[in-house]
Structure formats: structure tokens, C-alpha cells
1. Answer yes or no as to whether Asn151 is of a type outside the set (Lys, Arg) and at pLDDT 95 or above.
2. Mind checking which residues of segment 190-204 are out of contact with any Phe, Trp or Tyr (no Cβ under 7 Å at 6 or more places or on another chain) and surrounded by fewer than 22 Cβ atoms within 10 Å (Cβ to Cβ)?
3. Please list, ordered by first then second residue, the pairs with beta carbon atoms under 7 Å, 6 or more apart or interchain, first in segment 148-164 and more than 17 Å from Thr180 (Cα to Cα), second among the β-branched types (Val, Ile, Thr).
4. Answer yes or no as to whether Phe360 is aromatic (Phe, Trp, Tyr), at negative phi and in contact (Cβ under 8 Å) with a residue 60 or more places away in the chain.
5. Does Gly268 count as assigned by TED's automatic domain parsing to the domain that holds Tyr362, crowded, with 17+ Cβ neighbours inside 10 Å, among the small types (Gly, Ala, Ser) and on the phi > 0 side of the Ramachandran plot?
6. Look through segment 329-362, keep the residues that are closer than 22 Å to Phe283 by Cβ and surrounded by fewer than 23 Cβ atoms within 10 Å (Cβ to Cβ), and return whichever of them is nearest to the chain's Cα centre (by Cα).
7. If I filter segment 109-129 for residues that are more than 20 Å from Phe360 (Cα to Cα) and within 18 Å of the chain's Cα centre (by Cα), do I get at least one hit?
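The values are calculated or read from the model by the stated rules, or taken from the named source; none is laboratory data. Because the structure is predicted, anything quoted here is derived from the model rather than measured. FYI the Cβ positions are ideal-geometry reconstructions off the backbone, even for glycines, and counts take in every protein chain you see.
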Amino acid sequence: MKKVNLKENLISFVFIAFMLVFTILFIVLPKGTFSESEKRYLAEFPKFSKEALLDGSYTEGIEKYLADQAPFRSMFVGINSYYSYLTGNNGSNGVYLGKDGYLIEKPVDDFERLQTNALRVAGFAKNLNIPVAFALAPSKGYVYSDKLPLNHLEYNDERNYAAVSEAVSGSLDFVDLSKTLLANKGENGLYYRTDHHWTSYGAYLAYVEICGTLGIEPTAETQFEKSLVEGFYGTSYSSSGYWYTDSDVIEVWKNKNLTSVTVEIDDGRGAEAYDTMFFDEQFASSDKYNGFLNGNHSVVKIKNATAQGGRLLVVKDSFAHCLVPFLAEHYSEIVMVDLRYYRRALTDLITENEIDRVLFMYSIDNFTESTDIVLR
């Protein structure tokens, strides 16, 4: 009988041993339901049905389950991200690892959709008999171009701003926030390092610029009490796998003049009322940015009994969540609508709530790729 040469078969033995241990761990270790680092729910084992088997969704579900429930999955995701970075393939899951710990999303480039969405907003505004303003937050990579890695795709914010400005000209007041943020880029961070959103300071600068268009006097920075929420890891961190990036600090600005604000949140199951725009339980959670106005909802109404202003409709993405609290001092009611979840006609909402002004507030990346800008 031929003897087995352990040296020649060492790699095979190691591989078999690894797979055996990995399989045992997969069986005995508890299965997770939520990934704190990735901020998402993990796949569950799919339910079997003949239809699911025939259309392939059952086997696809098993693959997702095995991938999500693999032992030490988070560690392997991080190893893969840093390996790609060290071998010159920067851009893990669409996120660059930049200088000074900045995680920056790759640019979104769908120029045709951007133009289509801009023309839809312009057409909607033209048919209203109330003033409309449109503010766009620039991309993080455009503002912090000095933090980008050496090799990166081009950020076309200048071209995109010019196209939107031309498309909406004569229909509404367009607010170009890129110049304001670029001019004030300094020691105070305008965007989080680990998240795609702007910071409270960045949102405040945008608020001041928007006030000029809305014809209101912005509240001075000295009128805000600031508190810190530490340990924030944003969506850029969650999707990238760059786990060795330091956390951010959220600065929460609360207006000293606001004493009687109520918030109503309605996702179609009846409105729930709150006495704050800032939700401490969310700031204590893994997704701390949801502390601003409790995250994404179909309709949010902010009422200020002492305000002298009228009623403002804000059609928005999540960049508005830390900006709108700055505007709450100026309006008796602000109605926020997220078109990803809202399906009724905006014109009916405007009539029902006696809206006298509209503000569209989006980041340029979200606006460029949105398929939900359906306005009627």
C-alpha cells in the first residue's frame, strides 16, 4: 500500500480541516438577525414552495442565508475590503477609503435621469400658484475632493448644478448650496466621515442660505444649545467594510427659542404625536442619524404655536432631517413628505393643509438616481 505523503498533501488536509471546522461552527453557533456594523437585517432561511423552487428564488434565498450567517462574517467582510484597498482596488461596495479616515461614496452619474427629475420639479412648480424653492446639497466627494484617494471617478457636481439650474429656470427659485459649503470648508466638518449626510453645522450653513431665498431672517448660531452624541458609525461605514475607521460625533443643535413644538408622524396607520424633534432613543441606537425627526417617514408635521410664519411643505430626502428643525422657528406648520413612501397627490396635500410655500430639499446624489420624483 502506498503511503500518504503528508507534506505533499498538507494544503489539502488544511483545506479539509478548515471546511470541517467552519461547517461545525455554522451548525452550532447561534444565527444572527441583525448586523450592527452593516445596519441591516440578515437573511433568514427561506420558506420552501414549489413555485419558489421553480423560479429560482428558493436557491437564491439559501445562498443569501449561507452568506449572511457564515461564522465570523463581519471579520471576513473587513478583510476583503482592506485587501482590495491594499492591492489598489479602492472602492469597497461603492465607498472610497480617503484621507484622514473619510469614507466617501463613489459619484452617482445618471445625467439623463437628473434632467428628467429636474424637469418634473419645474413642471410641478409651474402649475402651482404658490412660490417654490429647490435646494440641492452637493456630493461629499465634490466638497471634500482633497480627501479623495489618488485614483477616483469624477464628481460632476458643477455640470449637474448647471443642468438643474437651466431646467428649472423661470419656474422656481433654485438654491445652489455647493458654493456656500465649499466656501466654508474648514476645521468644522460639513459632512460626517463615516456617513453620507451633512453634519448639523453643514445643515446650518445650508439653512442660512435657504433663508435668503425664503425671505426670512436666519437664527444666529448663538441661539442654539449644542450637545454631543458619540460613537456614530454611518451608512458609508456600514456598507464599506472599513471597520477600523474611527467613529463620528453627532452635534445636536436645539433652538433656545422653541418651546412649544409638536411633531406628528404618519406612515398611513394614523398619526402619532411627540413633543420633540430630537429622539434620544434613536441617538442611543446603532443608526444614530435617525435621532433627527425619528428617521424616514411618509409624512411628518411640525407645528409651532408661537410662529408668525405660514405653512411650508418640504418635499425631501433624509438630508432634510437635521435641516428642517432650523426652519421650525419660522413657520406655524411644516409638512415633510418623502416621495419614496407617499403615494397621494401632492396638490391635494397642499390644499388640505393650506400650504403657502414649497421647498424641495435633496442631496444631488439622491436626486440624480431617484425613481420616485412623480409629482401631481
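1. No; evaluated as a whole, the condition is false for this residue.
2. Of everything in segment 190-204, just one residue is out of contact with any Phe, Trp or Tyr (no Cβ under 7 Å at 6 or more places or on another chain) and surrounded by fewer than 22 Cβ atoms within 10 Å (Cβ to Cβ), namely Tyr201.
3. From residues that are more than 17 Å from Thr180 (Cα to Cα), the pairs are Leu148/Ile104.
4. Working: aromatic (Phe, Trp, Tyr): yes; at negative phi: yes; in contact (Cβ under 8 Å) with a residue 60 or more places away in the chain: yes.
Here the answer is yes, as Phe360 does meet what is asked.
5. Details: assigned by TED's automatic domain parsing to the domain that holds Tyr362: yes; crowded, with 17+ Cβ neighbours inside 10 Å: no; among the small types (Gly, Ala, Ser): yes; on the phi > 0 side of the Ramachandran plot: yes.
So Gly268 fails the test.
6. Asp338
7. Going through segment 109-129, the residues more than 20 Å from Phe360 (Cα to Cα) turn out to be 109.
Now narrow it down to the ones that are within 18 Å of the chain's Cα centre (by Cα): 109.
Yes: segment 109-129 contains one or more residues that are more than 20 Å from Phe360 (Cα to Cα) and within 18 Å of the chain's Cα centre (by Cα).
Okay, residues lined up against (1) in contact with a Pro (Cβ under 7 Å, 6 or more places away or on another chain); (2) within 20 Å of Met361 (Cβ to Cβ):
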residue: Ser139; (1), (2): yes, yes
residue: Leu153; (1), (2): yes, no
residue: Arg159; (1), (2): no, no
residue: Lys185; (1), (2): no, no
residue: His196; (1), (2): no, yes
residue: Gly212; (1), (2): no, yes
residue: Thr222; (1), (2): no, no
